[in-house]
Amino acid sequence: MAAAARRAASLLPLLLSSPSRARLPHRQALTLTPPLLRPHRLYSRSPKPSSSAAFSASASASNGAPAGRARELHLYNTKSRRKELFQPRVPGGEVGMYVCGVTPYDDSHIGHARAYVAFDVLYRFPLASFFSGFGPVGELRALSDVTVQLTHPLRRYIIARANQLGEDPFSLSKRYSDDFLSDMANLHCLPPSVEPRVSDHIDQIINMIKQILHNGCAYAIGGDVYFSVENFPEYGELSGRKLDDNRAGERVAVDERKKNPADFALWKSAKDGEPCWDSPWGPGRPGWHIECSAMSAHYLGHSFDIHGGGEDLIFPHHENEIAQSRAACCDSSINYWIHNGFVNVNSQKMSKSLGNFVTIRKVTELYHPLALRMFLLGTHYRSLINYTIEQLNVASDRLYYTYQTLQDCEESCQQHQSKAGDPLPVNTTNCIQKLHDEFETSMSDDLHTSVALAAISEPLKVMNDLLHTRKGKKQEKRLESLSAMEEKIRMVLSVLGLLPSSYYEALQQLREKALIRASMTEEQVLQKIEERTSARKAKQYEKSDEIRKELAAVGLALMDGPDGTTWRPSVPLSEQGVVAST
């Protein structure tokens with residue numbers, strides 16, 4: 001177990017340095033020459049380890065809890081419509097995962113945040129040494145740029161938006177791509193091992209289209225190339241749809257030249273004034289779906305472990321990916337298709353037409369990015385999530401409470417060094433083991449992050465008792481217990497992507513965001529505290545209560561202590577009853 005923990009903690013270079021070469025049908029084959037992908041490691045608070053492996057290894061005799069045991073990870077597979085035991089394609093080897101990226105024509109929204117936070121957790125979690133059978137996880141997250149299929153309405157927006165702003169489409173695409181990457185970094189989403197762009201893979205796309213044509217599953221008409229769904233009998237297995245269910249004009253371009261209305265574009269001929277590339281069929285650009293098939297095959301091979309994306313991509317995007325990938329290579333297969341659920345805003349589907357389109361940037365102007373991440377992790381990734389300001393305030397409040405507790409603990413234990421091998425009190429080891437078991441169990445059951453988050457509530461309460469109550473301060477090995485629980489919670493937060501580089505800095509940032517939401521400055525709050533202190537000294541208790549309520553109404557809670565009155569962010573007073581009833 002110790003060797004396994006060290007192996008996972010070292011985070012060996014990710015992904016397939018020598019992926020298997022799948023056999024193509026007939027006589028032609030694509031040449032796949034994937035680069036050596038860069039190593040990657042989990043975000044950590046140096047010098048303490050924060051990998052999942054350390055989480056398992058630390059549940060050992062060193063703190064009185066039994067060593068971690070091998071577990072099995074179960075994930076819901078959209079294709080089989082059930083939860084399945086996750087078994088890597090290469091036992092004990094690297095795990096390859098491809099996640100569809102954004103179309104960068106505007107600021108990324110909370111639906112994007114929901115998807116990439118979910119797959120970031122899946123990216124982080126299997127590194128734990130208590131899972132047997134597989135090694136590091138490598139992720140590809142494709143970025144669609146202006147080279148994508150423009151018959152899909154979203155893709156038209158790239159050029160339309162560029163024309164509207166008088167900007168070059170590639171420049172616009174790069175600008176919003178860079179903004180997206182910045183949003184992801186703020187949300188603590190680890191960068192993928194490779195982040196390919198369509199415009200850098202035109203040759204691979206053309207070669208795959210040529211192979212599909214050679215294998216009789218596509219046809220060319222006037223510079224366009226269409227996939228023939230009738231030549232692929234398995235079409236519809238992922239989504240459960242039949243060909244008769246596909247209506248022309250519904251996410252499929254209407255073209256009378258098609259042999260079947262459901263046929264989809266692999267290559268589209270160029271239009272005047274739009275970017276294009278040379279091809280055997282004339283100038284044009286790739287179809288929407290072929291991009292992902294070609295790029296995933298280039299880096300991971302025709303067969304790999306996980307393909308992920310939002311629920312809205314099941315049909316037609318992922319359905320079409322399967323068809324064209326297998327048409328190019330009969331041995332092509334992806335073992336697990338993982339999809340996250342939709343995001344509603346105030347119980348309505350998020351859309352620009354309804355005026356409830358919420359961007360990540362808009363949220364993080366007022367809230368710490370990790371408050372948004374905590375809100376998203378509070379719902380199982382496959383479930384519909386309902387975004388409301390009230391629930392975001394709750395998540396922000398909970399994040400502040402968590403970091404404040406851990407900061408207080410860190411300060412109390414700063415000068416204390418426990419002796420190695422000293423056993424902890426039984427109630428402490430039981431609390432740590434319970435957290436360990438609940439975390440393992442919930443996360444190994446299709447990544448139930450909401451249960452994993454709930455599991456830290458009891459240890460945080462115990463820590464606050466040890467820190468602040470008269471009885472807790474008298475407990476034997478109090479500081480040793482605090483240190484051990486802080487370490488365990490820190491490891492949970494690391495796996496969930498919620499661990500800041502500094503508790504103190506994160507608390508300051510949360511306070512700054514609270515002041516912005518309250519439309520107040522720190523000086524104004526301190527002035528209110530002084531007014532309240534003067535009122536209390538003068539026994540003007542009604543005025544004192546009014547000041548407290550005034551601040552509470554805008555989400556600033558006052559706390560009286562031996563050293564005076566301080567303030568902290570809180571759920572606004574008017575929302576507390578609403579939140580409690582939901």
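The values are calculated or read from the model by the stated rules, or taken from the named source; none is laboratory data. Small disclaimer: the values here were computed from a predicted structure and weren't measured. Positions of Cβ are generated from backbone atoms using ideal geometry, with glycine treated the same way; all protein chains shown enter the neighbour counts. Keep in mind that these areas ignore ligands, DNA and RNA; they rest on the heavy atoms of the full protein, side chains included. Shrake-Rupley method; radii C 1.70, N 1.55, O 1.52, S 1.80 Å.
Quick notes on this one:
- Being within 27 Å of ARG568 (Cα to Cα) and either outside any helix (DSSP H, G or I) or open to solvent by less than 20 Å² (accessible area, probe 1.4 Å) (or both) is a property that MET463 has.
- Test: residue in region 252-262 that is in a strand (DSSP E or B) and open to solvent by less than 20 Å² (accessible area, probe 1.4 Å): no
- Within region 156-182, restricting attention to residues that are under 25 Å from PRO316 (Cβ atoms) and of a type in the set (S, T, N, Q), the residue that is modelled with the lowest pLDDT is SER173.
So that you can scan it fast, the table gives a plain yes or no per residue for (1) touching a Leu at 6+ places or on another chain (Cβ under 6 Å); (2) part of a loop (DSSP other than H, G, I, E, B); (3) without any contact (Cβ under 8 Å) to a residue 60 or more places away in the chain:
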residue	(1), (2), (3)
SER182	no, no, yes
ALA185	no, no, yes
HIS188	no, yes, no
PRO191	no, yes, no
ASP203	no, no, yes
MET208	no, no, no
ILE212	no, no, no
TYR226	no, no, yes
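- Contact map, region 548-565: first residue part of a strand (DSSP E or B), second residue β-branched (Val, Ile, Thr) and open to solvent by 30 Å² or more (accessible area, probe 1.4 Å), Cβ cut-off under 9 Å, separation 6 or more or different chains; pairs are LEU558/THR565; LEU558/THR566; MET559/THR565; MET559/THR566; ASP560/THR566; GLY564/THR533; THR565/THR533.
- One residue from SER303, SER279, SER293, SER269 being among the polar types (S, T, N, Q), under 22 Å from ALA218 (Cβ atoms) and surrounded by 24 or more Cβ atoms within 10 Å (Cβ to Cβ): SER293
- Test: SER481 is surrounded by 16 or more Cβ atoms within 10 Å (Cβ to Cβ) and either at pLDDT 95 or above or among the aromatic types (Phe, Trp, Tyr) (or both): yes
- Residues within region 464-484 that are out of contact with any Gly (no Cβ under 9 Å at 6 or more places or on another chain) and either without any contact (Cβ under 8 Å) to a residue 40 or more places away in the chain or not charged (D, E, K, R) (or both), tallied: 13
- Residue match in region 138-155 (condition: more than 29 Å from SER494 (Cα to Cα), in a helix (DSSP H, G or I), modelled with pLDDT of 80 or more and among the hydrophobic types (A, V, I, L, M, F, W, C)): no
- Meeting the requirement of 3 or more residues that are of a type in the set (D, E, K, R), touching a residue at least 12 places away in the same chain (Cβ under 8 Å) and more than 29 Å from PHE86 (Cβ to Cβ), no strands (runs of 3 or more DSSP E) wholly within region 275-352 can be named.
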